[in-house]
Amino acid sequence: MGKKTPIYPLHVQSNAKIVDFAGWDMPLHYGSQLEEHHQVRRKAGMFDVSHMGVVDLHGKEVQPYLRHLLANNIDRLTNGKALYTCMLNDNGGVIDDLIVYKINDEDYRLVINAGTREKDIAWMRKQIGSFKVEIKERADLAIFAAQGPEVKDKLQQFLPVNAPIAAILEMKPFHFTTVGDWFIARTGYTGEDGFEIILPATEAPKCWEAMQKAGIAPCGLGARDTLRLEAGMNLYGSDMDETVTPYESNLGWTVILEPTDRQFIGRTALEKQKQTGVTRRLVGLVLDGPGVIRNHQKIAIKNDGTGEVTSGGYSPTLGKSIALARVPAEIGNVCFVEIRGKQVPATVVKPPFVRSGKQVY
């Protein structure tokens, strides 16, 4: 038996197929992964992502601490704004990717991945040193993601009655607001417009039922994975980990080297790699022949180079197979994926594959 989110009984009640994910009993789908995928792209879907970790940081030196801890620069944040970043080891490898939210100068919130939460928190505590910072894991909270083009029209039906709906609708991506104990952010992991809501676990069942009553369909981890793959979003443990850097993972844009005196963890290794250039990088692939691309399949390149699929699958929106793959830096525009002993041609593209429900490559 794995860990359970605050609304686990509601998943069972809805006949969800439950699977183990990072030690948690989570819904894979509620009957049709394909229908759930299309529901998010075309209408509105919701995900229980309460298995992810919420970590609150407080203290007079929390800002210099985060400048040291994270590869992206939190100086870019103002109150009510969020930032996507990587947390690196000394070699520039990715310990985790996360979102950091600035509440005020002494209070920040981090949302980290489920499979790395214990490792992440141990690393964060280790890096405190002499910084005057308090770290608190919030196991008392739940996290829901409401995603899709129709979500904004349904907010009033499930947010608290005193929520400033008009102001929330005007929030730009990667901004957030608080309504009492609720934390409402315009973020997501699907490539669609939507919101992620962090709320007290005790209020989670009522909120989930209200969202469902508003016409937002429950969706499982299966659809979440195909949606994020179409959106070209990395999955930790598949597309990046501690053995690769952001520059090798299509995440160079999250590394901020200015100002030059900000000595964040992993900076020296990344500066050296940037000077010498990467020998491998993460690209998108669209299969041109029959079959489905799967994780860990081999990539063959005309100049005798090789690569490997990090995330692959069928794209319901495009009706063809797509993938993220780590390949030699000079791959060109065409490669071959080894599927069941055959080399099937694929086109190399720059992710994302889909944005706002439309093909973009």
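The values are calculated or read from the model by the stated rules, or taken from the named source; none is laboratory data. Just so you know, these numbers come straight off a predicted model, no measurement behind them. In this analysis, Cβ positions are derived from the backbone assuming ideal geometry, glycine residues included, and neighbour counts consider all displayed protein chains.
Annotation: of all residues in the stretch 245-265 being of a type in the set (A, V, I, L, M, F, W, C), touching a helix residue (DSSP H, G or I) at 6+ places or on another chain (Cβ under 9 Å) and in a loop (DSSP other than H, G, I, E, B), the one that is nearest to residue 309 (Cα to Cα) is 255.
Any residue at all in the stretch 47-56 that's without any contact (Cβ under 8 Å) to a residue 40 or more places away in the chain and of a type in the set (Ser, Thr, Tyr)?
Of all residues in the stretch 47-56, those without any contact (Cβ under 8 Å) to a residue 40 or more places away in the chain come to none.
Scanning the stretch 47-56 turns up no residue that is without any contact (Cβ under 8 Å) to a residue 40 or more places away in the chain and of a type in the set (Ser, Thr, Tyr).
Being within 30 Å of residue 133 (Cα to Cα), of a type in the set (A, V, I, L, M), outside any helix (DSSP H, G or I) and touching a strand residue (DSSP E or B) at 6+ places or on another chain (Cβ under 8 Å) is a condition met by no residue of the stretch 34-48.
Per-residue answers, yes or no, for (1) farther than 18 Å from residue 92 by Cα; (2) free of Cβ contacts under 8 Å to residues at least 40 places away in the same chain; (3) crowded, with 22+ Cβ neighbours inside 10 Å; (4) outside the structural domain of residue 163 (by TED's automatic domain parsing):
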residue: 214; (1), (2), (3), (4): yes, no, no, no
residue: 224; (1), (2), (3), (4): yes, no, yes, no
residue: 240; (1), (2), (3), (4): no, no, yes, yes
residue: 243; (1), (2), (3), (4): no, no, no, yes
residue: 253; (1), (2), (3), (4): no, yes, no, yes
residue: 256; (1), (2), (3), (4): no, no, no, yes
residue: 263; (1), (2), (3), (4): no, no, no, yes
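This table checks each residue for (1) closer than 17 Å to residue 345 by Cα; (2) aliphatic (A, V, I, L, M).
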{"residue": "279", "(1), (2)": "no, no"}
{"residue": "289", "(1), (2)": "yes, no"}
{"residue": "293", "(1), (2)": "yes, yes"}
{"residue": "297", "(1), (2)": "yes, no"}
{"residue": "302", "(1), (2)": "yes, no"}
{"residue": "305", "(1), (2)": "yes, no"}
{"residue": "308", "(1), (2)": "yes, no"}
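Of all residues in the stretch 30-41, those that are assigned by TED's automatic domain parsing to the domain that holds residue 222 and surrounded by 15 or more Cβ atoms within 10 Å (Cβ to Cβ) have Cβ atoms under 6 Å from Cβ atoms of residues that are part of a loop (DSSP other than H, G, I, E, B) and at pLDDT below 95, 6 or more apart or on another chain, in 41/357.
Here residue 161 meets the list (1) surrounded by 18 or more Cβ atoms within 10 Å (Cβ to Cβ); (2) assigned to a loop (DSSP other than H, G, I, E, B); (3) more than 21 Å from the chain's Cα centre (by Cα) almost entirely, failing just condition (1). Against the criterion of being of a type outside the set (Ser, Thr, Tyr), surrounded by fewer than 20 Cβ atoms within 10 Å (Cβ to Cβ) and within 27 Å of residue 60 (Cβ to Cβ), residue 203 does not qualify. Which members of the stretch 57-91 meet the condition of being of a type in the set (A, V, I, L, M), touching a residue at least 60 places away in the same chain (Cβ under 8 Å) and touching a Lys or Arg at 6+ places or on another chain (Cβ under 7 Å)? Listed by number, the list holds a single entry, 83.
Filtering 302, 298 for residues that are surrounded by fewer than 19 Cβ atoms within 10 Å (Cβ to Cβ), more than 23 Å from residue 189 (Cα to Cα) and at pLDDT 95 or above leaves a single hit, 298.
Within the set 90, 75, 96, the sole residue that is at pLDDT 95 or above, part of a strand (DSSP E or B) and charged (D, E, K, R) turns out to be 96. Against the conditions (1) in a loop (DSSP other than H, G, I, E, B); (2) in contact with a strand residue (DSSP E or B) (Cβ under 7 Å, 6 or more places away or on another chain), residue 173 satisfies every one except (2).
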